[in-house]
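Data first, discussion second: the structure below is written as structure tokens.
The values are calculated or read from the model by the stated rules, or taken from the named source; none is laboratory data. Please read these numbers as outputs of a predicted model, since none were measured by experiment. Cβ atoms come from the backbone with ideal geometry, glycine included; neighbour counts cover every protein chain shown. Just the protein is used for accessible areas: all its heavy atoms, side chains included, with ligands, DNA and RNA removed. Shrake-Rupley method; radii C 1.70, N 1.55, O 1.52, S 1.80 Å.
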Amino acid sequence: MAPTDPVHLRGPVLVRRQKGDERTTTDQRLLDQNQDTDWLHTDPWRVLRIQSEFVNGFGALAELPDAVSVFGSARTRPGDPVYEQAVELGRALTEAGYAVVTGGGPGQMEAANKGAWEANGRSVGLGIELPMEQGLNRWVDLGLHFRYFFIRKTMFVKYTQAFVCTPGGFGTLDEFFEAVTLVQTDKITRFPIVLLGVDFWTPLVDWIRGTLVEHGMISAPDTDLFLVTDSVSETVEYIRDAHERAAVTAEQREDLYGEEHRGTER
């Protein structure tokens, strides 16, 4: 027997077996003078905030030149060798023609932005709302501040062409493993990943190459998806070489497609 329960339509949404009797319409509630602000914390309103953050991010970054994301601890300070290496990295990436994108905070992020700024490059910071508010460091010349981590992550992946992870904590590990996963699953391609700092990263890499491979959790070739190095120059060269190889491959594919297309025309 077909359901006989009353049907209510809320715009495109059909509701059957309604538990309450809603006597107002959406228009009425929109125009009502009620000052209740609970709606600011509802999921439908959050969807609009999410949409606006995507729009703002896409609009601000769409014309960004080739860029590299640099991740690392927010806790290092000027004078720390790790901090100074990140300054060198930001400078070297700029000289190689890349914009430098960081999380916009202090520590390693500030250092990479500083290096890019001092080399007259594009220095970008993508900040995030945190309980302990940090704000964007003073070396950022294009900055965005996000409410949602997943939107910020999308911007890092969509608008940069490589990741460099300097020594850092959970946030850096999160970015590294997400990037490796996206490359491993072919969600993103031609995306070089570098772990800068051999002593710092070796225990993690040994665990990846040992435990994960030995237990069959990943394949042995997956350990070749990233480079571990102490050298800033090797980092930049690795990124540049990967992009040059990708450009040649893309050109070859285009030539092959053109030949096949001409063959069908004949």
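Kindly check whether there is at least one residue in the stretch 242-253 that is among the basic types (Lys, Arg), in a helix (DSSP H, G or I) and loosely packed, with under 11 Cβ neighbours inside 10 Å. Steps first, please.
Pass one, the stretch 242-253, residues among the basic types (Lys, Arg): 245, 253.
Those still in the list that are in a helix (DSSP H, G or I) too: 245, 253.
Of the ones still in play, those that are also loosely packed, with under 11 Cβ neighbours inside 10 Å are 253.
Yes, the stretch 242-253 contains a residue that is among the basic types (Lys, Arg), in a helix (DSSP H, G or I) and loosely packed, with under 11 Cβ neighbours inside 10 Å.
Kindly evaluate GLU110 against the criterion of being buried (at least 17 other Cβ atoms within 10 Å of the Cβ), over 21 Å from ARG138 (Cα atoms) and in contact (Cβ under 8 Å) with a residue 12 or more places away in the chain. Reasoning before the result, please.
On the way: buried (at least 17 other Cβ atoms within 10 Å of the Cβ): yes; over 21 Å from ARG138 (Cα atoms): no; in contact (Cβ under 8 Å) with a residue 12 or more places away in the chain: yes.
No: the conditions fail for GLU110.
Going by what's in this entry, would GLY135 be described as open to solvent by less than 70 Å² (accessible area, probe 1.4 Å), at pLDDT 95 or above and assigned to a loop (DSSP other than H, G, I, E, B)? Step through it out loud before you land on a result.
Numbers: open to solvent by less than 70 Å² (accessible area, probe 1.4 Å): yes; at pLDDT 95 or above: no; assigned to a loop (DSSP other than H, G, I, E, B): yes.
So GLY135 fails the test.
Any idea how many residues of the stretch 218-266 are modelled with pLDDT of 90 or more and closer than 22 Å to PHE176 by Cβ?
Looking only at the stretch 218-266, we keep the residues that are modelled with pLDDT of 90 or more, and these are 218-244.
Subset that is closer than 22 Å to PHE176 by Cβ: 218-243.
Summing the residues that are modelled with pLDDT of 90 or more and closer than 22 Å to PHE176 by Cβ in the stretch 218-266 gives 26.
Which fully enclosed helices (runs of 4 or more DSSP H) of the stretch 21-98 have 3 or more residues being surrounded by 10 or more Cβ atoms within 10 Å (Cβ to Cβ) and at pLDDT 80 or above? Give the steps one after another, and end with the answer.
On the way: elements: 26-31, 43-61, 81-95.
It comes to 43-61, 81-95.
Hey, any hits in the stretch 118-128 for a residue that's closer than 19 Å to GLU234 by Cα, part of a helix (DSSP H, G or I) and out of contact with any Asp or Glu (no Cβ under 8 Å at 6 or more places or on another chain)?
no
In this structure, does LEU126 turn out to be of a type in the set (A, V, I, L, M, F, W, C), touching a strand residue (DSSP E or B) at 6+ places or on another chain (Cβ under 8 Å) and open to solvent by 20 Å² or more (accessible area, probe 1.4 Å)?
On the way: of a type in the set (A, V, I, L, M, F, W, C): yes; touching a strand residue (DSSP E or B) at 6+ places or on another chain (Cβ under 8 Å): yes; open to solvent by 20 Å² or more (accessible area, probe 1.4 Å): no.
No: the conditions fail for LEU126.
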